[in-house]
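Below is one structure, written out as structure tokens, with a few remarks after it.
The values are calculated or read from the model by the stated rules, or taken from the named source; none is laboratory data. Please read all numbers here as calculations on a predicted model, not as lab measurements. Virtual Cβ from ideal backbone geometry, glycine too; neighbours counted across all protein chains shown. To get the accessible areas, we keep the full protein, side chains included, count just its heavy atoms, and leave off ligands, DNA and RNA. Shrake-Rupley method; radii C 1.70, N 1.55, O 1.52, S 1.80 Å.
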Amino acid sequence: INFCCGNQPLICAGAPVYLYEYQHSLKMVQKRRPSFVGSDHTDEIFTVFWGFLGLECRIFYKIITLEPCFVEEEELSRTMMSYWGNFARTGSPNGHNLVHWPKYEADEKYLAIDLKTQVTAQHLKKERFVFLTQTVPEKLKQHDKNAERSEL
């Protein structure tokens, strides 16, 4: 589960890269966020480490929120722990009874992970990537050229 932006060097180096987008916002954090915020950076860490820390979801929830755990989130936690555990053991997150997680290669496939579903998708946030890597640099060049002309 290598994280990178524009990971062509890792792909070319032959290192297996598995990209995912975690899409579920845990019930315990939803109450503490504005309504327009969905899942956020590192939200999946809670679901991955409940079991690794020896905490069951229901115990973790009672410690943090004093509320019961949701069964679906406990199931998601088991799924996330399976993916991460498999990756740590074998170098691949794939395993028995898990949705296949494709390697991130030139076709840009990744795994979208939500509460009840995990699906293979392609071109994660492509519009934003194009904006940041092409549109912004072009606009900056134009701005620099216009600034040079105005100085003359």
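Working only within region 104-119, note down all residues that are open to solvent by 70 Å² or more (accessible area, probe 1.4 Å) and either within 14 Å of residue 18 (Cα to Cα) or among the small types (Gly, Ala, Ser) (or both). Correct list: 105, 106, 109, 119.
Here residue 151 meets each of (1) modelled with pLDDT of 85 or more; (2) open to solvent by 70 Å² or more (accessible area, probe 1.4 Å); (3) out of contact with any Ser or Thr (no Cβ under 6 Å at 6 or more places or on another chain) with one exception, condition (1).
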